[in-house]
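**Q** Before we start, here is the structure in question, set down as structure tokens.
Nothing in this text is a laboratory measurement; each read-out follows from the coordinates by a stated rule. It should be emphasised that the depicted structure is a prediction, and the values quoted were computed from it without experimental measurement. Positions of Cβ are backbone-derived with ideal geometry, glycine not excepted, and every protein chain shown enters the neighbour counts.
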Amino acid sequence: MDLDIGEKVGLLIERETDLGFSVLINGSFEGLLYENEIFEPIEKNMEKIGYIKKIREDGKYDVSLQPQGFLNVIESNCAIILKKLEPLGELNLSDKSNPDDIMQQLQLSKKAFKKALGVLYKERKIIIEKNRIVLLTEKP
């Protein structure tokens with residue numbers, strides 16, 4: 001049984017490597033989860049849901065913890081930002097924020113954060129101020 005790019009799979013984290021983590025996919029296939037694809041704590045023997053990112057010539061797979069494809073990723077990232085905004089209606093981050101602050105608060109890269117902000121702004125769900133994002137409330 002072969003796996004397809006974008007397919008949702010079960011991952012068992014096996015060991016840390018110089019590039020990230022070696023994983024066992026669906027109990028049968030070897031794969032690699034690159035360090036730059038990890039936005040949460042990962043440990044050996046941890047089970048995670050992942051997605052096939054690339055099939056290499058050596059028969060191994062590159063995997064990601066996030067669904068592949070712009071629409072899947074952007075929708076998920078927008079939801080993360082909106083969830084963080086809901087309690088207070090604002091977030092002390094902006095498109096000019098330090099990447100480490102964004103990662104610490106949202107577990108998103110600055111690039112992913114800015115793309116999601118752009119979508120939310122175009123959908124008129126937020127306004128972006130100098131040092132914060134404000135959730136727009138719907139008018140009755």
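**Q** Hey, what angle do you get for helix 110-122 against the long axis of the chain, alpha-carbon based, 0 to 90 degrees rounded to 10?
**A** Compared with the principal axis, the helix lies near 50 degrees.
**Q** While we're here: Would you please name the trypsin sites (Lys or Arg not before Pro) within segment 1-80 that are DSSP coil residues with at most 11 other C-beta atoms within 10 Å of their C-beta? Write down the numbers at each step before the final one.
**A** On the way: sites: LYS8, ARG15, LYS44, LYS48, LYS53, LYS54, ARG56, LYS60; in loops: LYS44, ARG56, LYS60.
Of the trypsin sites (Lys or Arg not before Pro), the ones in loops of segment 1-80 whose Cβ has at most 11 other Cβ atoms within 10 Å are LYS44, ARG56.
**Q** What would the Debye formula give as log10 I(q)/I(0) at q = 0.17, 0.23, 0.29 Å⁻¹ for the alpha-carbon point model of segment 70-135, no solvent?
**A** -0.49, -0.95, -1.57
**Q** A further question on this structure: Loop-only check: which GluC sites (Glu not before Pro) in segment 15-118 are DSSP coil with at most 12 other Cβ within 10 angstrom? Present the calculation step by step, with values, prior to reporting the outcome.
**A** On the way: sites: GLU16, GLU30, GLU35, GLU37, GLU43, GLU47, GLU57, GLU75, GLU90; in loops: GLU43, GLU57.
Taking segment 15-118 and a limit of 12 other Cβ atoms within 10 Å, the loop GluC sites (Glu not before Pro) found are GLU43, GLU57.
**Q** Kirkwood Rh, Cα Rg: Rg to Rh for the chain? List each step's numbers first, then the result.
**A** Details: Rg = 17.5 Å, Rh = 16.5 Å.
Rounded to two decimals, Rg/Rh equals 1.06.
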